[in-house]
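**Student:** Mind having a look at this structure? Questions to follow.
What follows draws every value from the coordinates through simple rules; no lab data is involved. What you are looking at is a predicted structure, and each value in this text was computed from that prediction instead of being measured.
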Amino acid sequence: MVKEPRYANLIVSVVGKCVSNDGTNVMLETGDGTQVRIQHEGALEPGQQTAFVEIVGCVTEDFVQCFVCRPMGDEFDLETYNEMITLQNTKYQNIMMQDDYIVA
């Protein structure tokens, strides 16, 4: 979902499972199965290296530039989280998506 043009140059929150980390880029798999490349400065701190993380960053054409990384632990229900995000962007869009704030 983050790869949609409407998110370009916006600051978003992305939650996903780390599938790879080369020290500069982390590949996250989100609840809808999309893989999102996260670019960050240096390696993640030891406490941040959990299976699931939340990334807050700016969406660019090819990746999300990481500003903040929050560990979400090694057990997280991405399926349920994805259901919540889907509701935010459909049934409850009028509440969650306003001109100056978007929950992604």
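**Student:** How big is the antiparallel share of DSSP beta bridges in segment 5-99, given as a percent to the nearest 5? Don't skip to the end; give the middle numbers.
**Tutor:** On the way: 23 of 25 bridges.
That works out to approximately 90 percent antiparallel.
**Student:** Calculate log10 I(q)/I(0) of segment 6-92 for q = 0.26 Å⁻¹, where I(q) comes from the Debye formula with a single equal point scatterer on each Cα and nothing for solvent.
**Tutor:** For segment 6-92 at q = 0.26 Å⁻¹, log10 I(q)/I(0) is -1.43.
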